[in-house]
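Only one structure is covered here, and it is reproduced in the block below.
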Amino acid sequence: MESPIVTLNQLGHILQEIRTQRGLTQRQLGQQAGFAQSAISALESNPGSAKLERIFQLLSALDLEIILRERKHHQTEHEW
């Protein structure tokens, strides 16, 4: 599965979608990642407030990786 992410809100939504597809609760994923259920909730709802280290811990717990590539189309404004 590949999911291009260009905004932080997309990141939170996709992480939540993957977690639920795998049948994991926030609590279960938090246990796998090594932090509390509330941290999973915060990452899913507002990933911009999370430290990059936490995002990588969560990606590791979900067995995901980040791949950087140039966009197929360039936009004139940042989407942040």
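Read-outs throughout are calculated quantities, based only on the coordinates presented, and are distinct from any laboratory measurement. The structure presented is a predicted model; accordingly, all values stated were derived computationally and were not measured. Reconstructed Cβ throughout: ideal geometry from the backbone, glycine too, with neighbour counts over all protein chains shown.
Tabulated data
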| item | result |
| --- | --- |
| Given charges at beta-carbon only (K, R positive; D, E negative), |dipole| of segment 1-56 in Debye | 180 debye |
| Excluding exposed DSSP-loop GluC sites (Glu not before Pro) (at most 11 other C-beta within 10 Å), longest clean stretch of the chain | 3-64 |
| Unit charges at the beta carbon, dipole of the chain: most positive-side option, Phe56, Gln28, Gln10 | Gln28 |
| Percent of alpha-carbon pairs separated by more than 14 Å within segment 8-61 | 44 percent |
| Among Ile66, Ile14, Ile55, residue whose mean-square fluctuation peaks in a GNM of the chain (springs only between Cα atoms under 10 Å) | Ile66 |
| Virtual spin-label span in nm between Ser41 and Ile67, 7 Å along Cα→Cβ | 3.5 nm |
| Candidates Arg22, Arg69, Arg54: whichever shows maximal mean-square fluctuation once the chain is modelled as a Gaussian network with Cα springs under 10 Å | Arg69 |
| Top of Leu68, Leu29, Leu15 by mean-square fluctuation, Gaussian network on the chain, Cα under 10 Å | Leu68 |
